1. In the stretch 71-162, which helices (runs of 4 or more DSSP H) lie fully inside it and hold 1 or more residues that are at pLDDT 90 or above and either of a type in the set (V, I, T) or in contact with a Cys (Cβ under 8 Å, 6 or more places away or on another chain) (or both)?
2. Just the residues that are within 18 Å of A86 (Cα to Cα) and either open to solvent by less than 60 Å² (accessible area, probe 1.4 Å) or of a type in the set (S, T, Y) (or both), please, taken from the stretch 179-201.
3. Condition first: basic (K, R) and over 18 Å from the mean Cα position of the chain (by Cα). Can you find one or more residues in the stretch 185-199 that meet it?
4. Could you please tell me which pairs satisfy a Cβ distance under 7 Å, a separation of 6+ or placement on different chains, a first residue in the stretch 186-206 that is assigned to a helix (DSSP H, G or I), and a second residue that is open to solvent by 70 Å² or more (accessible area, probe 1.4 Å) and charged (D, E, K, R)?
5. Would you mind stating whether R168 is open to solvent by 60 Å² or more (accessible area, probe 1.4 Å), of a type in the set (D, E, K, R), in contact (Cβ under 8 Å) with a residue 40 or more places away in the chain and farther than 26 Å from S48 by Cβ?
6. What's the total number of residues in the stretch 91-116 that are over 11 Å from V202 (Cα atoms) and either among the charged types (D, E, K, R) or open to solvent by less than 50 Å² (accessible area, probe 1.4 Å) (or both)?
Amino acid sequence: MLFWKTSYLAENASKNLIRTPGIWGTAVLVFLLSLITFCGVNGFYLLSDWYREVATGLREAENGTGSLIQLIQAPLIPIRIFQGLALLVTLCAGGTTIAYCHRSFRLFAQTQEQDFKIMSLIGESVRGISGEFALQSLLFLGTILGIASIVANLLYWFSLAPSVCHNRFGSFGAMLVALASAHFPLMALALSYVALRLFGYVRRLLWSWLDGRWAVTA
């Protein structure tokens, strides 16, 4: 029973999502922002890995297995600077992605407000309507984030840093697995935040309308 209800909600959410005006333009912009975010994550990951290798070499030098020239030439400060830039890109692009997606779906909710009211009048619960709309955002953002994550990895593998990625990971599959630990927490955070905020927004929208309707009736 639960499986069929979930399947029905997912199918209905998909149909409403596709019919939403402006959804494709929003998808393109969210994809580009997500791609920049994951490229920043990958850059930070690889720079962190490089920093650990350099730091290990410095420790060996301190133990007498290296030379003073190695200590002087170690690019620790430049690596840290580029790490900070990669982190800044990740935070700015990721925050913009989440904020833009949340704002866009709030506008989409307003365009579907009449549909929400009709669904409520025919007996659909406020929780069900809110959950179905939140599911639209999950399907939308989850799909785009998944695609952007893979494309960012492909860019690094074939274009941005192919030799580094080949030497570090050996295969593209190994790279996907290694970077999943960095990508998935960001994806889970974005999906949870957007879905919960939209669930609450539609719920407040409907209760506001229902309270006004009951007040007029009374």
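The values are calculated or read from the model by the stated rules, or taken from the named source; none is laboratory data. Everything quoted here is computed from the prediction, not taken from an experiment. All Cβ positions, even for glycine, are placed from backbone atoms using ideal geometry, and neighbour counts span all protein chains on display. Heads up: the accessible areas ignore ligands, DNA and RNA and are worked out on the full protein's heavy atoms, side chains in. Shrake-Rupley method; radii C 1.70, N 1.55, O 1.52, S 1.80 Å.
1. Where helices (runs of 4 or more DSSP H) fall fully within the stretch 71-162 and carry at least 1 residues being at pLDDT 90 or above and either of a type in the set (V, I, T) or in contact with a Cys (Cβ under 8 Å, 6 or more places away or on another chain) (or both), they are 76-111, 126-155.
2. Once the filter is applied, which keeps residues that are within 18 Å of A86 (Cα to Cα) and either open to solvent by less than 60 Å² (accessible area, probe 1.4 Å) or of a type in the set (S, T, Y) (or both), the stretch 179-201 yields L179, A180, S181, A182, H183, M187.
3. There is no residue in the stretch 185-199 that is basic (K, R) and over 18 Å from the mean Cα position of the chain (by Cα).
4. Y201/R106
5. no
6. Qualifying residue count, the stretch 91-116: 10.
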